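Worksheet for the structure shown next.
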Amino acid sequence: MPLNEPRITPQLVAEHGLSPDEYDRILRLIGRTPTFTEVGIFSAMWNEHCSYKSSKVHLRELPTAGRCVIQGPGENAGVIDIGGGLACVFKMESHNHPSYIEPYQGAATGVGGILRDVFTMGARPIACLNALSFGDPDHPMTRHLVSGVVAGIGGYGNSFGVPTVGGEVRFHRRYNGNILVNAMAVGLAEADKIFYAAASGVGMPIVYLGSKTGRDGIHGATMASAEFGENSEDKRPTVQVGDPFCEKLLLEACLDIMAKGCVIAIQDMGAAGLTCSAVEMGAKGNLGVILDLDKVPCREAGMTAYEMMLSESQERMLMVLKPEKKAEAEAIFRKWGLDFAIVGETTPGRRFVVRHGGEIVADLPIKELGDEAPVYRRPFVDPPKLPAIDAATVAPPMPMADALEKLIGSPDLCSRRWVWEQYDHIILGNTVQRPGGDAAVVRVNDGPAALALTADVTPRYCEADPFEGGKQAVAEAWRNLTAVGARPLAVTDNLNFGNPERPEIMGQFVACVRGISEACRALDFPVVSGNVSLYNETNGRAILPTPTIGGVGILADFALSATLAFKAAGEAILLIGSSQGWLGQSLYLRDICGREEGAPPPVDLAAERRNGDFVRTLVERKLTTAVHDVSDGGLAVAVAEMAVAGGIGADLGGASDVRIEGRAKIGGPEAPDTASHPAFWFGEDQARYVITVRQSDMAAVFELARVNGVPTRRIGTTGGNALTLPAQRPILVARLTEQFESWFPGYMSGSNQPCA
């Protein structure tokens, strides 16, 4: 044992998040008591965050191959072919625990980490998105957390120089003690010039690149694999500190050495820092690695081997370099003012050897550390099925016009302008559609092609029925892309759940993954990358299951992308898709009726695909003037959002003779059957879109709908300065706009009551 290291005790092992069984496995594996540094290395590599030991067996169900897939899960990011010799590189990851402890730096370094995952593959980042889940607005911590997280995302992304173009923000009391910060990055690369992490060749130099190593972030990955207790503030030292300006230099230097053919393999130093990056490169290439920590650039004096191996200091890379390119690569990094140090080499022996101060402080089998960590089949119970809500039993507590005004200005449905205006969403000059629509649209280089990007999930559905909720998360992302006219290509996911050692939580995870898998297969929407974040709970209270889906689609011509805003008066408003008036788990039921209950709407994947393909055809043929998918809040909220975006009203009074379809599925013969009932306007049935059509194109649209078997009906006409529901008072568009835009700024300034 190296000198001056702590004695290995059961308490020390437990403090490193290793179970007694896992420690026994370590003893059998290496045939001796591990050193303190080795315990730290095993802790970093075998924790949930790095090894996926509780989720791996279920993630294998996900479809990961497809016509456009170049690289699926297992690398720093997923890669898909988007034509023209180009590839889209993208991934989503969580920074949940750090963002709760230190919201600015936690969110900022989450953005920095996901950007590195993308440019490590040889791609230049072109866009970021995020999905944020906060606690009840009334909770004393929520405003502070929102402010810090949004500032951190903007501070890093804006300084780095990549547009933040989309995402979502939600509030629910179940996130009071454990917020979620999911960050997604998207980049472009030449399809035949993708860089991977697997090392190759014996005796190849291993090079440390970027910033110096400090003591920030030590045990960050282990902390992210444990639930919070009473003293989460004590974990503040595990939160990393980011420097976006340094990361920008690192990006340019990495792309430079890649272009000059210097790189054999490259890996971001993210979770578990130097340990994880070195082990993964060696294990993936079936090679050993030897590191000399005396050569690692450090910014703090007297750092131990343990600290250097577990530090999660930001803006660092590890690379296997072509020996003949050493001088050229070093000159590039020195030009950009970054550290460049040869700290080791690859070996044939499949051992991970670490030296420090003339001693060997770690000598471990590299495969068992990397891709052969423990895998658990945790027991789980299937979630109980909730009954459907009979719309006839839901007595409207207020007129529909009042309900619509309240919903459009509620925390979960109001404008997120306060958030996205703090992000630079137009830098680089390729943002075609700004935040606030169904999906962002970003031009590919000079066009005409463009990428459509979205991130979405409905956690309350996943809580009520994880299988249907998993399906719906994928279907919602697919609809978002379709609504702007894009052909959906592939997804990344961020699966946020509670403690997997609890069978009911594991049951949620398993069912959600099954739902995601079924939807991705049905929609030809493969999963190419992702992240699992478990132990998201505080004092035994878990978050809502939140499997965020990040979707990417392609438009042949960005000029043809659709938007949700009404464009002119006198156009027909059409509803695409069937309506049953499904109120279970709807925001109307929760926020207007005070009932958070019932089964969520079922997801008919065949209808999703049929209706979505139809809408995309209309967009491509220029037969629509506006498109919006129907989701949270139902049909009335969707139309209101279109009116607010365009500053044009709508008369929906003529829809009163429309019958709700399939009413037997939501209740008995007494169920409401006309559009005068709130179930029609606020039900959250799936596979639906609202479109506007010029009068001259109506016949063509209805004929296409008939040929394709797509339910389509006219529900109103655009025009005027008010929105009118059947048998309701008109609501001025100006009033809807005021309600929609005012909640967030008022809440963050403290000038209004949180849920007013």
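The values are calculated or read from the model by the stated rules, or taken from the named source; none is laboratory data. No experiment lies behind these values; they were computed from the predicted model shown. Note: ideal-geometry Cβ built from the backbone for every residue, glycine included; neighbour counts use all protein chains shown. What goes into the accessible areas is simple: the full protein's heavy atoms, side chains included, and nothing from ligands, DNA or RNA. Shrake-Rupley method; radii C 1.70, N 1.55, O 1.52, S 1.80 Å.
In terms of accessible area, using a 1.4 Å probe and ignoring ligands and nucleic acids, S742, S54, S749 rank largest first as S749, S742, S54.
Taking every alpha-carbon pair in the stretch 347-388 and binning the separations at 5 Å intervals from zero gives 5, 15, 14, 14, 10, 8, 7, 6, 6, 6, 4, 4, 2, 1 percent. Karplus-derived 3J(HN,Hα) values for the stretch 88-99, using 6.51 cos²θ - 1.76 cosθ + 1.60 with θ = phi - 60°, are 9, 10, 7, 6, 10, 9, 9, 9, 6, 4, x, 6 Hz; glycine and proline are entered as x.
Excluding R173 itself, calculate the net charge of residues whose Cβ lies under 14 Å from the Cβ of R173, where each Lys or Arg counts +1 and each Asp or Glu counts -1. Residues near R173 contribute -2 overall.
For V239, nonlocal amide neighbours, meaning residues 5 or more places apart or on other chains whose placed amide H falls under 5 Å from its own, are G217. Computed from the Cα positions only, the extents of the stretch 679-756 along the three principal axes stand at 54, 28, 23 Å, in decreasing order. In the chain, helices alone account for a calculated mean residue ellipticity at 222 nm of -10000 deg cm²/dmol, with every DSSP H run of four or more residues adding -39,500 (n - 2.57). When all alpha carbon pairs of the stretch 254-315 are counted in 10 Å bins from zero, the resulting P(r) reads 18, 46, 31, 4 %.
Over the stretch 227-350, the hull volume per residue, using the convex hull of the C-alpha atoms, is 136 Å³. For the chain, the longest principal axis of the alpha carbon atoms and the long axis of helix 634-646 meet at an angle near 90°.
For K325, a cut-off of 13 angstrom between C-alpha atoms picks up these aspartates and glutamates, skipping any fewer than 8 places away in its own chain: D256. Helix 503-522 axis versus longest C-alpha principal axis of the chain: approximately 70°, rounded to the nearest ten. For the stretch 476-517, the Cα gyration tensor yields ellipsoid semi-axes of 29, 9, 8 Å (square root of five times each eigenvalue, largest first, whole Å). With bins 10 Å wide beginning at 0, the percent of Cα pairs of the stretch 1-120 falling in each bin runs 11, 27, 28, 24, 8, 2. Using only the C-alpha atoms, the convex hull of the stretch 125-182 corresponds to 65 Å³ per residue. Within the stretch 316-463, the proportion of C-alpha pairs whose separation exceeds 18 Å stands at 81%. When Rg and the Kirkwood radius Rh are both evaluated on Cα atoms of the stretch 420-509, their ratio Rg/Rh stands at 1.09.
A simple count of charges around V149, restricted to other residues whose Cβ falls under 14 Å of its Cβ and scoring Lys, Arg +1 and Asp, Glu -1, yields +1.
Rg ratio for the stretch 514-638: its Cα radius of gyration over 2.2 N^0.38 Å, N being its residue count, equals 1.31. Rolling a 1.4 Å probe across all protein chains gives Y52 an accessible area of roughly 50 Å².
Neighbours of P73 by Cβ distance under 11 Å: Lys/Arg scored +1, Asp/Glu scored -1, total +1. For the stretch 574-657, the convex hull spanned by the alpha carbon atoms encloses 120 Å³ per residue. Amide H to amide H, with H built 1.01 Å from N, G288 comes under 5 Å of T347, G349, R350, R351, counting only residues 5 or more places away or on other chains.
Excluding same-chain neighbours fewer than eight residues apart, the lysines reachable from K322 by a Cα-Cα span under 29 Å are K91, K193, K212, K248, K260, K284, K295, K335, K367.
Roughly how compact is the chain, stated as its Cα Rg over 2.2 N^0.38 Å to two decimals? Scaled against compact globular proteins, the figure is 0.97.
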